[in-house]
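For reference, the structure is listed below as C-alpha cells.
The values are calculated or read from the model by the stated rules, or taken from the named source; none is laboratory data. These figures come from a predicted structure and were not determined experimentally. With ideal geometry, Cβ positions are generated from the backbone for all residues, glycine too; neighbour counts draw on all protein chains shown.
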Amino acid sequence: MVAGLRTASHDGVLVVTLDRPPANALTSALMLALTTLFTDGGGGDAQPVVITGGGERFFCAGGDIKELDGTSVDPVDRMRLFHDMIVAIERYPAPVIAAVNGDCVGGGVECALFADAVLAVPHARFGFPEIRHGLLPADKGIQRLIRLIGTRPARDLLLNGELVDADQAVRLGLVDALAAPGRLMAEAIGRAREAGRRAPVLYAALKHAVNDYDDVDDRRRAQATLTKAAIWLDDPVAKSLREGWGRRRPPSDTPRNSTTAR
C-alpha cells in the first residue's frame with residue numbers, strides 16, 4: 001500500500017483508513033491504490049469494507065490541491081484517476097460502509113456517495129466547496145448526488161459551496177445514521193459484518209441492479225469530466241481561486257441552519 005493508506009482486518013471486515021494528516025486529502029498515488037484495492041479485491045471472496053479517515057477532524061477533504069498546479073502530475077490524468085476510483089468503489093460486489101469520522105467535503109463526499117451505507121459522527125460536516133476554490137466535482141459524482149437527494153438540494157449544495165452539518169446531511173439523504181465518535185467504528189464494522197452474512201452472489205446481483213452499472217454511461221461521464229477539466233484548469237479566474245485556496249487554511253465554514261436547506 002502507498003503512504004497515507006492503512007488497511008486492517010477485523011474478523012472478516014477490511015477497514016481501509018485514509019491517513020494523510022491534516023485533512024486526508026487524496027493524491028494521485030492514493031487514488032490509484034484505492035482503485036486497485038476495490039478492483040483486485042472484488043472477486044468471489046470479496047470482503048466487506050469499511051472506509052474511514054484517520055484522526056477526528058477529517059474523513060477526507062477531497063483531492064490534494066497541491067497536485068493540480070505547478071507539479072509534474074497531469075491534472076486531466078488526475079481527474080481520470082478519480083473517476084476510475086469511484087467506479088471501482090461503486091462496483092465492488094461486497095458491502096462498503098463509509099464511517100465518516102469528521103468533515104467530508106468535495107471528493108470525500110463523492111467517495112461516500114458510492115458506499116452502500118454512510119455512518120457519521122455528529123460533528124461531521126458535508127459539502128461541495130469546489131465552486132469557491134476553482135474546482136469541479138466529477139460528473140459521475142454529481143449525477144449520483146442528484147440521484148440520491150434530488151435535483152434541487154443537489155443544485156443548492158453544488159452552486160453555493162456551503163457545508164451542512166451532520167443532522168442536515170441525514171435529512172438530505174447523504175448520511176444513513178449518526179454514531180457517537182467512540183461508537184462509530186464498532187457500528188460501521190458491525191453493519192458491514194451483518195451485510196456480509198448475506199449470500200454474496202445475491203448481494204452482488206442486487207447491488208448491481210440498484211446501482212445500475214453502465215459501461216457506456218461511465219465512459220460518457222468520464223469524458224464529460226475530462227472535457228470540463230481541460231476548460232476550467234486553464235481558466236484564469238478558476239486558477240486564481242485555486243492559488244488563493246492553496247496559500248491558506250480552509251475558512252471556518254458555518255454549517256447551514258436546517259431551516260434554510262431545501
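General observations
- Any hit, region 8-17, residues being assigned to a loop (DSSP other than H, G, I, E, B) and loosely packed, with under 14 Cβ neighbours inside 10 Å: yes
- Only a single criterion out of (1) within 25 Å of residue 106 (Cα to Cα); (2) in contact with a Phe, Trp or Tyr (Cβ under 9 Å, 6 or more places away or on another chain) is not satisfied by residue 195, namely (1).
- Residues in region 8-22 that are within 19 Å of residue 195 (Cβ to Cβ) and of a type in the set (Val, Ile, Thr): 13, 15, 16.
- Lone unmet requirement of (1) touching a residue at least 60 places away in the same chain (Cβ under 8 Å); (2) farther than 26 Å from residue 191 by Cβ for residue 127: (2)
- Residue check for residue 118: touching a residue at least 40 places away in the same chain (Cβ under 8 Å) and either in a strand (DSSP E or B) or more than 14 Å from the chain's Cα centre (by Cα) (or both): yes
- In region 24-49, the residues that are assigned to a loop (DSSP other than H, G, I, E, B), under 15 Å from the mean Cα position of the chain (by Cα) and at pLDDT 95 or above: 24
- Pair list, Cβ < 8 Å and 6+ apart or interchain, from region 10-23 residues that are under 13 Å from residue 102 (Cα atoms) and touching a residue at least 40 places away in the same chain (Cβ under 8 Å) to residues that are of a type in the set (S, T, N, Q) and part of a loop (DSSP other than H, G, I, E, B): 18/24
- Candidates 53, 108, 141 - the one that is at pLDDT 95 or above and touching an Asp or Glu at 6+ places or on another chain (Cβ under 6 Å): 141
- Among the residues of this structure, residue 192 does not count as one that is more than 16 Å from the chain's Cα centre (by Cα), assigned to a helix (DSSP H, G or I), at pLDDT 95 or above and surrounded by fewer than 19 Cβ atoms within 10 Å (Cβ to Cβ).
- Yes/no for residue 174 being among the aliphatic types (A, V, I, L, M), out of contact with any Ser or Thr (no Cβ under 9 Å at 6 or more places or on another chain) and crowded, with 23+ Cβ neighbours inside 10 Å: yes
- Residues of region 179-186 include at least one that is aliphatic (A, V, I, L, M), more than 18 Å from the chain's Cα centre (by Cα) and in a helix (DSSP H, G or I).
- For region 70-81, the condition holds for at least one residue, the condition being that it is under 14 Å from the mean Cα position of the chain (by Cα) and part of a helix (DSSP H, G or I).
- Of all the criteria given as (1) touching a residue at least 12 places away in the same chain (Cβ under 8 Å); (2) surrounded by fewer than 22 Cβ atoms within 10 Å (Cβ to Cβ); (3) not in a helix (DSSP H, G or I), the one not satisfied by residue 97 is (2).
- Selection status of residue 144, in contact (Cβ under 8 Å) with a residue 12 or more places away in the chain, of a type outside the set (Ser, Thr, Tyr), surrounded by 18 or more Cβ atoms within 10 Å (Cβ to Cβ) and in a helix (DSSP H, G or I): yes
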